[in-house]
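Engineer: My questions all concern the structure below.
Derivation of every value follows stated rules applied to the coordinates shown; laboratory data play no part. Note that this is a predicted model, so its numbers are computed, not measured. Backbone-built Cβ (ideal geometry, glycine too); neighbour counts: all protein chains shown.
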Amino acid sequence: MTREEAKKLVKQMTLEEKAGLCSGKDFWRLKSVERLGIPEVMVCDGPNGLRKQSEKEGANINDSIEAVCFPGSCAEAASFDRDTMFRAGAAMGNACQAENISILLGPGTNIKRSPICGRNFEYYSEDPYLASQIAAAHIKGVQSKNVGACIKHFAANNQETRRMSISSEVDERTLREIYLGAFEDAVKEAKPWAVMCSYNQVNGTFASENRWLLHDVLKEEWKYDGLVVTDWGAVNDRVKGLMAGLDLEMPGSGGENDRKIVAAVQSGEVPEEVLDETCERIVSRIMTYVENRDQDAVWDKKEDHALAVEAAKECMVLLKNEDHILPLSEEDEIAFIGKFAEKPRYQGGGSSHVNAKNWSSALEEVKTMENVTYVSGFDTTDSDSEEAKRLEKQRYNDAIAAARKAKAAVIFAGLPDTYESEGFDRNHMQLPECQNRLIRAVAEVQPNTIVVLHNGSPVEMPWITDVKAVLETYLGGEGVGKATVDVLFGRSNPSGKLPETFPLKLSDNPSYLNFPGDGRKVEYREGIFVGYRYYDKKEMDVLFPFGHGLSYTEFAYSNLKIDKERFTDEESCTVSVTITNTGDRFGKEAVQLYVQDVESTVQRPVKELKGFEKIALNPGESKTVTFELGKRAWAYYDVEGHDWYTEEGDFRILIGASSRDIRLSETVHVTPVKAVPRTYTMSACIGDLLNCPEIHEDMMRLKEICDSMFNSEANDSLGESTKAMMEAQTREMPLKSIPSMSDGKVTLAELEAMLSKVNHGK
């Protein structure tokens with residue numbers, strides 16, 4: 001339904017009907033206006049599958065129907081694969097049609113600011129470009145089935161501690177480049193039906209009533225014309241929220257907030273046209289779904305399961321493979337050790353938890369292999385009882401014995417459900433100590449030890465030098481068991497790349513001293529230096545860098561070409577590179593493009609991801625990968641100018657297999673069409689104004705006067721550094737000091753005339 005058609009329906013509503021439409025009927029349903037043919041519709045949790053509440057009598061909000069569980073967002077981002085994520089989204093969209101769901105809540109696009117955020121498994125990346133691109137693919141997939149996606153949680157929701165009340169204190173440049181950056185491209189490119197505002201405050205104002213966030217940025221700047229919905233129970237002041245751009249409150253408030261809206265309109269506090277526009281957006285989404293309802297949609301769970309397995313394979317990241325220990329041979333004696341081999345942790349806890357019945361374990365997938373033995377090694381439950389200690393010791397001894405007998409040992413480790421979930425943050429970045437102890441002990445008796453990880457966020461690996469290989473499966477969905485076995489035994493070649501940095505230890509993380517805040521606010525003091533942006537700037541060692549991931553084959557990078565060497569920032573730039581599979585196995589490579597500002601007057605990261613493409617290559621095959629770079633590839637956000645600007649100069653285009661494995665580079669020169677606007681005062685320094693073309697000659701004269709006064713060859717009483725010191729002082733001298741320091745050679749009136757000229761173009 002078009003907005004014009006929705007407008008006609010809204011005009012026929014009473015004030016009470018319009019106010020009522022702005023909140024949910026219950027936990028999952030929107031209200032109807034039956035006399036106008038507007039039915040109630042249902043939404044449900046995502047994003048890695050349907051968590052639709054069961055409609056059986058007596059069911060509560062935690063009872064959900066059986067569904068297919070796709071890889072979690074933490075794994076999806078590791079795929080670096082837009083196509084597979086589109087197909088997974090489309091499968092979920094089709095399931096929504098079959099189950100009469102109008103909007104699927106997800107994806108979660110919040111930045112992984114800290115590795116210990118409890119909900120990181122539901123988010124994509126520490127990098128805004130990667131997050132926005134994978135989110136866009138997911139959204140397009142869902143909405144290709146005429147079902148809405150709801151991107152969340154907007155914005156700066158990067159922790160679970162006090163998430164319903166904490167104020168995220170973030171400077172505007174950091175917000176724009178990092179935290180809003182993860183949403184911007186996804187919103188503009190994929191046009192999700194709904195945007196979910198977060199619980200938290202952003203710089204002291206609740207997101208649900210933050211007009212700058214919801215109206216000025218989202219609706220005005222980004223031209224978003226969809227629905228803004230609350231996270232469940234996120235309303236602070238409903239009337240303020242309505243005026244700020246909040247459309248739909250979920251769930252309802254028993255009519256209380258509806259009555260407040262009615263009263264506000266009647267009193268003139270809220271213009272009725274604001275309410276009308278809100279209702280138009282709600283009605284257009286409801287009716288668009290109703291008009292495109294696919295009554296014949298069939299949910300083939302078997303087919304979706306196969307896709308979940310395929311997606312899990314694309315997401316797995318081979319972190320280490322010393323001596324090419326992987327893939328394993330099915331002919332060798334292999335010991336599977338660890339509870340997760342029997343019962344994998346394939347999804348996170350909380351609102352995204354899917355009622356999956358068809359999950360597979362690695363143990364189940366090797367049941368026909370006579371050469372594979374299994375011992376649990378550890379338990380995932382905590383107990384200090386004497387019996388629990390006895391069983392733990394027995395499991396430990398059995399694991400050591402099994403490892404000794406085998407040709408290789410595969411330890412299935414990871415984080416239990418109790419370690420990471422919606423609702424709380426982790427206290428550390430460690431695996432349970434019983435797992436660390438077991439891994440070290442097995443590695444002592446078995447040199448061919450492989451670790452398979454099930455976790456939603458980075459973990460420390462104190463045993464990393466003791467083991468031959470590490471396979472990161474993240475939370476791989478219900479197909480993780482088959483996918484893991486296929487990768488371990490070489491039926492599938494791993495191709496995932498890390499969507500986040502794995503630091504050596506938690507205290508290395510840039511947010512460490514300012515996470516999770518003091519209970520009232522959390523300060524984002526690291527600014528734009530999140531993830532690899534920080535580690536690269538600090539030249540800090542990491543466990544595994546952003547973008548890292550190995551393969552069973554090798555890829556050569558060559559023939560980097562750029563269609564132009566010099567251009568303006570309003571022109572696009574085409575970059576191409578040839579990738580060749582030089583090994584003897586079919587494989588896929590995620591080619592990454594980073595941009596580096598060679599010299600900048602503002603703080604910039606060493607490099608930033610600006611493009612990626614995943615390609616499939618047979619042995620000996622070559623393909624050309626092409627990237628298109630626009631203005632944003634070179635720009636930073638200037639707070640004073642309220643826009644994105646590029647500084648003139650050289651930029652390096654870096655092509656690599658990871659953020660720290662750069663294979664090729666070329667330099668281009670970019671000239672901005674629009675200069676950064678600046679308003680100068682008498683406190684501005686000579687150095688600030690030297691590059692202003694309007695007064696360049698005047699400034700050079702001033703510099704010469706100051707140089708002659710300060711830089712006397714005879715004046716070395718302060719030491720050999722006197723000349724350098726005086727040159728620095730000249731550049732940093734404020735204009736207001738020049739009249740007195742120049743002994744009247746430069747007047748205040750002359751300086752004011754210069755400022756007027758540069759500030760007003762006169």
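Engineer: Could you sort out which of Lys339/Lys623; Lys140/Lys623; Lys497/Lys538 sit more than 30 Å apart by Cα distance in this structure?
Structural biologist: Lys339/Lys623
Engineer: I would also like to ask the following. Just to be sure I understand: of the beta bridges DSSP finds with both ends in the chain, what percent are antiparallel, rounded to 5?
Structural biologist: Around 55 percent of the beta bridges assigned by DSSP in the chain are antiparallel ones.
Engineer: Could you rank the peptides 363-369, 397-403, 42-48 by their average count of other C-beta atoms within 10 Å per residue, with the highest value first?
Structural biologist: Averaged packing, sorted descending, gives the order 42-48, 397-403, 363-369.
Engineer: Run lengths n ≥ 4 of DSSP H only: what is the helix-derived mean residue ellipticity at 222 nm for the chain, with -39500 (n - 2.57) per run over all residues, to the nearest 500?
Structural biologist: Helices in the chain give a 222 nm mean residue ellipticity of -8500 deg cm²/dmol.
Engineer: Still on this structure: For the chain, give the magnitude of the charge dipole about the Cα centre (Cβ charges: +1 Lys/Arg, -1 Asp/Glu; no others), in debye to the nearest 20.
Structural biologist: Dipole magnitude for the chain comes out near 900 debye.
Engineer: If you build the convex hull over the alpha carbons only and average its shadow over all orientations, what do you get for the chain? Give it in nm² to one decimal.
Structural biologist: With every direction weighted equally, the projected area is 40.8 nm².
Engineer: Given a Förster distance of 22 angstrom, what is the FRET efficiency for Met682 paired with Met725, based on the Cβ-Cβ distance and rounded to 0.05?
Structural biologist: Efficiency, rounded to the nearest 0.05: 0.40.
Engineer: Grab the other residues whose beta carbon is less than 15 angstrom from that of Lys223, score K and R as +1, D and E as -1, and report the net.
Structural biologist: -3
Engineer: Taking the Cα-to-Cβ direction at Ser600 and at Ser576 and moving 7 Å from each Cα, how far apart do the two end points lie in nm?
Structural biologist: 3.0
Engineer: Starting from the Kirkwood radius over alpha-carbon pairs of segment 555-671, derive D by Stokes-Einstein at 25 °C in a medium of 0.890 mPa s and give it in µm² s⁻¹.
Structural biologist: Rounded to a whole number, D works out at 163 µm²/s.
Engineer: Be a star and scan segment 576-620 for residues whose amide nitrogen sits under 11 Å from the point 7 Å along the Cα-to-Cβ vector of Ser737.
Structural biologist: none
Engineer: Further question: Using every alpha carbon pair in segment 478-587, what percent of pairs falls into each 5 Å bin from 0 up to the bin containing the largest distance?
Structural biologist: Going from the shortest bin to the longest, the percentages are 2, 9, 11, 11, 12, 15, 14, 12, 8, 4, 1, 0.
Engineer: Let me ask you something else. Can you check what the net charge comes to around Arg87, using other residues whose Cβ is under 14 Å from the Cβ of Arg87 (Lys, Arg +1; Asp, Glu -1)?
Structural biologist: -3
Engineer: Starting from the Cα coordinates of segment 306-537, work out the convex hull volume and express it per residue in Å³.
Structural biologist: Cα convex hull per residue, to the nearest whole number: 148 Å³.
Engineer: Turning to a different aspect of this structure: Which FRET efficiency, nearest 0.05, do Phe586 and Val274 yield, Cβ-Cβ r, R0 51 Å?
Structural biologist: 0.35
Engineer: Under the 0.36 nm per residue contour assumption, what length would be gained going from the current alpha-carbon distance of Met164 and Ala616 to full extension?
Structural biologist: This chain segment gains 158.3 nm when fully extended.
Engineer: Which of Phe336, Gly108, Gly527 sits farthest toward the positive end of the charge dipole of the chain, with +1 on the Cβ of Lys and Arg and -1 on the Cβ of Asp and Glu?
Structural biologist: Phe336
Engineer: Please list 3J(HN,Hα) in residue order for segment 67-83, calculated via the Karplus relation 6.51 cos²θ - 1.76 cosθ + 1.60 where θ = phi - 60°; whole Hz, with x for glycine and proline.
Structural biologist: So the Karplus estimates, Gly and Pro as x, are 8, 8, 9, 7, x, x, 4, 4, 7, 3, 5, 5, 5, 6, 10, 5, 5 Hz.
Engineer: Find how many whole Å separate the alpha carbon centroid of segment 390-429 from the alpha carbon centroid of segment 16-92.
Structural biologist: Cα centres, segment 16-92 to segment 390-429: 35 Å.
Engineer: May I pose another question? Say a paramagnetic label sat at a point 7 Å from the Cα of Arg566, along Cα to Cβ; which residues of segment 656-695 have their backbone N under 16 Å from it?
Structural biologist: What the label zone holds, given the 16 Å backbone N cut-off, is 667-673.
Engineer: Something else: Compute the label zone of Lys188 within segment 640-659: residues whose backbone N is under 11 Å from the point 7 Å along Cα-to-Cβ.
Structural biologist: Within reach of a label on Lys188, which here means backbone N under 11 Å from a point 7 Å along Cα→Cβ, segment 640-659 contributes 644.
Engineer: Work out how much length Glu34 to Leu15 would gain on full extension: take 0.36 nm times their residue separation and subtract the Cα-Cα distance, in nm to one decimal.
Structural biologist: Full-extension gain reported as 5.3 nm.
Engineer: What distance in nm lies between label points placed 7 Å from Cα along the C-beta direction at Thr667 and Leu391?
Structural biologist: In this crude spin-label approximation the distance works out to 6.5 nm.
Engineer: Relative contact order (percent) for segment 306-537, with alpha-carbon contacts under 8 angstrom and 6 or more residues of separation?
Structural biologist: 32
Engineer: Ok, one more. What is the local net charge at Glu5, summed over the other residues whose Cβ is closer than 15 Å to its Cβ (Lys, Arg +1; Asp, Glu -1)?
Structural biologist: 0
Engineer: Would you mind working out the magnitude of the charge dipole of segment 555-671 relative to its Cα centre, with +1 at each Lys and Arg C-beta and -1 at each Asp and Glu C-beta, to the nearest 20 Debye?
Structural biologist: For segment 555-671, the charge dipole is close to 680 debye.
Engineer: Highest mean first, how do 526-537, 84-95 rank when packing is the count of other Cβ atoms within 10 Å averaged over residues?
Structural biologist: Result, highest mean first: 84-95, 526-537.
Engineer: Could you grab the relative contact order for the chain? Cα pairs under 8 Å, six or more apart, rounded to a whole percent.
Structural biologist: Computed over the chain, the figure is 13 percent.
Engineer: Any chance you could run the full-extension gain for Glu523 through Lys8? It's 0.36 nm times the residue separation minus the Cα-Cα distance, nm to one decimal.
Structural biologist: In short, 180.8 nm is gained.
Engineer: What is the pair-distance distribution P(r) of segment 1-137, computed from all Cα-Cα distances in 10 Å bins starting at 0, with each bin given as a whole percent?
Structural biologist: Percent of pairs per bin, in order: 11, 31, 29, 23, 7, 0.
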